[in-house]
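No value in this document is a laboratory result; all are computed from the given coordinates. Note that the coordinates shown come from a computational prediction; the quantities given were computed from them, not determined experimentally. For neighbour counting, all protein chains shown are included, and Cβ atoms are generated from backbone atoms with ideal geometry for every residue, glycine included.
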Amino acid sequence: MDHSEAPILDGINEYHRLDRYGFTPPGHRQGRGADERTVEALGLDPFRSDLLATAGLDDRKSSGGLLKKAQELMADAVGAEHAFFSTCGSSLSVKAAILAVTRGSGEILIGRDAHKSVTAGLILSGLQPRWIRPTWDEELHIAHPPSAETVEAMWERYPDASAALIVSPTPYGTCADLSAIAEICHRRGKPLIVDEAWGAHLPFHEDLPTWAMSAGADICVASVHKMGMGFEQGSVYHLQGGLVDPIRLSQCADLLATTSSNVMLYAAIDGWRRQMVERGHDLLGRALDLARGLRTKIDAIDGLHTVTEELVGAEASHDLDPLHVLIDVAELGISGYQAADWLRAEPRVDVGLNDHRRIEATLSQSDDDDTADRLVQALTDLAKAAPSLPTPSPVSLPSSADLEMDTVMLPREAFFGPVEVVPADEAAGRVAAEQITPYPPGIPAILPGERINAAVVEYLRTGAEAGMVLPDPADPTVKTIRVVRA
């Protein structure tokens with residue numbers, strides 16, 4: 001295929017060249033009617049490119065097939081059989097995948113370190129989750145991806161499950177042994193879904209972890225906005241093999257998706273695919289070199305340590321994406337929450353993942369020596385400022401055994417059933433009716449249908465006091481919790 005083409009971008013250019021005008025949505029008419037103050041902040045170009053997908057970018061029958069061509073080019077670029085674009089993020093894509101492989105009933109094997117969007121899929125579908133336990137690191141208090149042996153044991157225990165869903169890479173950049181896990185699933189004639197939201201770039205450089213399609217996965221969901229060059233909400237889900245019907249997958253996505261897809265999101269995905277085919281290897285090679293040098297510079301700052309070797313090994317992860325630079329700040333006597341807040345307030349640098357003792361900077365092909373040096377200087381200043389910061393509020397960290405709470409009700413039944421609100425110190429032993437998710441990274445600590453224990457409640461309560469962000473519970477301070485009415 002001709003990867004110099006970008007059908008959606010070319011279509012936008014053609015629209016403007018022909019000076020089309022639509023008496024259709026969007027009502028701003030390419031910015032003609034937009035508020036002047038809004039245009040001053042955003043510029044006019046976003047409005048000019050915000051076109052209706054049909055009877056706009058394409059004709060009313062979509063006879064130009066612009067989206068179809070762009071998706072075919074994406075599939076060819078990464079070696080998948082099918083690619084589908086989503087403008088509702090990987091959160092929608094993973095829900096569509098779950099519905100497609102299960103047909104909305106029965107059981108599914110899911111890594112317990114799955115993103116909260118997976119829980120939403122369970123609540124919507126009414127499926128019975130069979131949780132695959134991740135490999136828990138008691139020293140780092142990090143969940144590594146499940147091992148192949150754990151997946152094998154779960155299939156032996158629940159042979160009637162429809163599919164397995166694994167998250168790889170995790171938000172820490174750690175990766176599962178997907179080739180072994182795919183082989184285990186396929187030996188039973190069952191599909192493997194990989195939530196590879198953090199791995200859109202993996203197909204384009206051999207020094208990155210093996211991407212899911214190359215490892216044999218049946219469905220792979222990738223967020224182009226995370227490690228690619230797409231806009232927020234841009235996602236692609238890929239399909240191969242004969243275990244999942246592509247029409248059913250597409251129709252399940254259609255059930256959940258908007259009917260007003262933003263063409264700019266499609267266009268950014270289209271342009272990024274072309275860029276990666278033409279120059280991706282070199283761009284990612286430079287980013288990997290930058291990450292190696294950055295780790296050395298950060299490790300030279302007193303009180304800071306980049307967590308790297310500890311993340312890979314027999315009792316940890318199969319592989320690691322080195323563009324995730326995880327930084328331990330515990331020796332500075334501060335928490336990751338404090339570090340993230342100080343970096344934003346003072347040198348005006350934002351970091352992503354943060355927890356009781358770590359922060360994470362994710363690099364991309366956009367970074368260079370200037371941005372790396374800015375991070376190093378910000379961290380150097382943080383180390384100097386740390387003694388003046390307050391003593392961090394302690395977080396009560398649960399053991400891996402405490403984190404393995406029993407699912408005693410279907411998530412859907414617990415979420416939609418009768419609920420009551422109880423004080424947190426009375427929640428132990430009750431069944432959760434809401435999910436409670438430290439964010440980032442967005443992995444629920446409590447799920448609807450799980451029997452709550454005191455250790456996890458204390459972890460969340462003390463975490464909230466220390467600066468942990470909990471966006472989904474009714475009470476983000478965790479003074480009260482919604483539980484199934486007794």
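Across the chain, C-alpha contacts under 8 Å between residues 6 or more apart give a mean separation that, scaled by the residue count, equals a relative contact order of 14 percent. Taking the DSSP beta bridges with both ends in the range 256-388, the antiparallel portion is around 90 percent.
This model, with +1 at the C-beta of Lys and Arg and -1 at the C-beta of Asp and Glu, gives the chain a dipole about its Cα centre of some 1580 debye. Based on the alpha-carbon gyration tensor of the range 279-388 and its eigenvalue square roots a ≥ b ≥ c, which shape applies: rounded if a/c is under 1.5, prolate if not and a/b is larger than b/c, or oblate? Judged from the Cα gyration tensor, the range 279-388 comes out oblate (a/c at least 1.5, b/c at or above a/b). Among beta bridges identified by DSSP and lying wholly in the range 7-274, the antiparallel ones come to about 45 percent. Computed about the Cα centre, the dipole magnitude for the range 400-484 is approximately 140 debye when only Lys and Arg (+1) and Asp and Glu (-1) carry charge, each at its Cβ. Pairs exceeding a 29 Å alpha-carbon distance, out of 68/95; 61/226; 95/297; 69/226; 68/226: 61/226; 95/297.
Among 246, 213, 202, whose Cα lies farthest out toward the positive end of the dipole of the range 187-258, if unit charges sit on the beta carbon of Lys, Arg (+1) and Asp, Glu (-1)? In the range 187-258, that residue is 246. Could you tell me which residue out of 171, 122, 146 lies farthest along the dipole of the range 71-177 toward its positive end? Charges go on the beta carbon: Lys and Arg +1, Asp and Glu -1, centred on the Cα centre. Going by the Cα projections, it comes out as 122. What is the range 400-484 by shape, rounded, prolate or oblate, if you read a ≥ b ≥ c off the alpha carbon gyration tensor as root eigenvalues and call it rounded for a/c under 1.5, prolate for a/b larger than b/c, and oblate otherwise? Rounded shape, in that the Cα axes give a/c under 1.5.
Of all beta bridges that DSSP places with both ends in the chain, some 65 percent have antiparallel geometry. Relative to the current alpha-carbon distance between residue 388 and residue 55, full extension at 0.36 nm per residue lengthens the span by 113.9 nm.
The peptide list 464-470, 250-256, put in order of mean Cβ contacts within 10 Å with the highest first, becomes 464-470, 250-256. Normalising the average separation of contacting C-alpha pairs (under 8 angstrom, six or more residues apart) by the number of residues puts the relative contact order of the range 400-484 at 38 percent. Between the alpha-carbon centres of the range 225-278 and the range 414-461 there is a gap of 33 Å.
Note: relative contact order over the range 279-388, using C-alpha pairs below 8 Å and six or more positions apart, is 30 percent.
The HN-Hα couplings worked out from phi for the range 413-426 by the Karplus form 6.51 cos²θ - 1.76 cosθ + 1.60 (θ = phi - 60°) are 5, 5, 6, 8, x, x, 10, 9, 9, 10, x, 4, 6, 10 Hz, whole numbers, x standing for Gly and Pro. Placing +1 on each Lys and Arg Cβ and -1 on each Asp and Glu Cβ, with no other charges, gives the range 7-274 a dipole about its Cα centre of roughly 860 debye. When each of the peptides 126-133, 421-428, 95-102, 191-198 is scored by the mean number of other C-beta atoms lying within 10 Å of its residues, the order from highest to lowest reads 191-198, 95-102, 126-133, 421-428. Summary of packing: across the peptides 142-148, 404-410, the per-residue average of other C-beta atoms within 10 Å ranks them, highest first, as 142-148, 404-410.
Between the C-alpha center of the range 2-26 and that of the range 41-82 there is a gap of 8 Å.
In this simple spin-label model, placing a label point 7 Å from the Cα along the Cα-to-Cβ direction at both residue 183 and residue 72 gives a separation of 3.5 nm. Full extension of the segment from residue 259 to residue 426, taken as 0.36 nm per residue of separation minus the current Cα-Cα distance, would add 55.7 nm.
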